[in-house]
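**Student:** This structure is in structure tokens; I'll ask about it shortly.
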Amino acid sequence: MNVSSYGVNLIKIPLLVLILSIVLITMGISCGGSGEEGGYDPNYKPAKSSMPSSGNLGAKTGNAFFDPTKKKEPSAESSSTAGKLATKLSANCKLIVDQMKVSCEAHRTSMQSTLRWSENVTNIELSGEEEGIFEFDIPTGSDSKVTVLLEECVATTCKEVGTDVSLSNTQ
């Protein structure tokens with residue numbers, strides 16, 4: 001072994017030790033060390049969040065009518081209190097003659113919106129985040145039609161639609 005290769009090996013050893021030290025220190029810092037701040041707590045549980053999780057489907061967490069893990073039942077749509085999600089705000093109202101009532105379902109544009117219903121026969125109003133269904137009784141001797149208004153507000157922006165329901169079948 002000659003002297004020049006021996007000198008190069010002497011330089012490589014401290015350089016290797018320096019690089020190894022930097023790597024270990026960096027790993028220690030990034031893993032949080034063992035102090036109170038940034039340390040690992042095996043009993044840690046995150047706080048409950050209002051953000052939806054993939055296993056928590058429902059009316060407040062997106063489109064309540066599409067759950068790929070469940071088969072669609074025909075009666076599931078009519079039992080919802082959230083209304084249907086649509087690209088344009090609308091209200092689907094129908095007269096239920098044998099019960100003397102009008103039943104309306106919202107086709108809302110956002111599941112985070114607030115809905116407000118009103119009608120011009122009995123002046124009933126209903127509002128809230130999950131008020132996708134609006135039903136009211138028709139008094140005898142009412143006009144030939146009722147106008148139902150649906151207002152949807154997302155934050156401070158509101159839209160309103162109206163629909164007329166013929167009451168001619170009740171007389």
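The values are calculated or read from the model by the stated rules, or taken from the named source; none is laboratory data. Predicted, not measured: the structure shown is a model, and the values here were computed from it. Heads up, the Cβs are rebuilt from the backbone with ideal geometry, glycines too, and the neighbour counts pull from every protein chain shown.
**Student:** What is the number of the single condition among (1) at pLDDT below 90; (2) buried (at least 18 other Cβ atoms within 10 Å of the Cβ) that CYS104 does not meet?
**Tutor:** The failed condition is (1).
**Student:** Starting from residues that are surrounded by fewer than 16 Cβ atoms within 10 Å (Cβ to Cβ) and among the polar types (S, T, N, Q), keep the ones in the stretch 68-89 and report whichever is modelled with the lowest pLDDT. Reasoning before the result, please.
**Tutor:** Looking only at the stretch 68-89, we keep the residues that are surrounded by fewer than 16 Cβ atoms within 10 Å (Cβ to Cβ), and these are 68-79, 81, 86-88.
Those left that are additionally among the polar types (S, T, N, Q): 69, 75, 78-79, 81, 87.
Values: THR69: 55, SER75: 36, SER78: 39, SER79: 42, THR81: 57, THR87: 89.
By that ranking, first place goes to SER75.
**Student:** Report the residue count in the stretch 130-162 for those that are under 12 Å from LEU95 (Cβ atoms) and either touching a helix residue (DSSP H, G or I) at 6+ places or on another chain (Cβ under 7 Å) or of a type in the set (Ser, Thr, Tyr) (or both).
**Tutor:** So the first thing to find is which residues in the stretch 130-162 are under 12 Å from LEU95 (Cβ atoms), and the list is 135-138, 142, 144-146, 148.
If we keep only those that are either touching a helix residue (DSSP H, G or I) at 6+ places or on another chain (Cβ under 7 Å) or of a type in the set (Ser, Thr, Tyr) (or both) too, we end up with 138, 142, 144.
Adding up the residues that qualify gives 3.
**Student:** Has the stretch 90-97 got any residue that is in a strand (DSSP E or B), surrounded by 13 or more Cβ atoms within 10 Å (Cβ to Cβ) and modelled with pLDDT under 85?
**Tutor:** no
**Student:** Look at the stretch 83-112 and say how many of its residues are touching a His at 6+ places or on another chain (Cβ under 8 Å) and over 30 Å from PRO139 (Cβ atoms).
**Tutor:** Here is the first cut: in the stretch 83-112, the ones touching a His at 6+ places or on another chain (Cβ under 8 Å) are 83-86, 88-92.
After this cut, where a residue has to be over 30 Å from PRO139 (Cβ atoms) as well, the list is 85-86, 88.
Number satisfying all stated conditions: 3.
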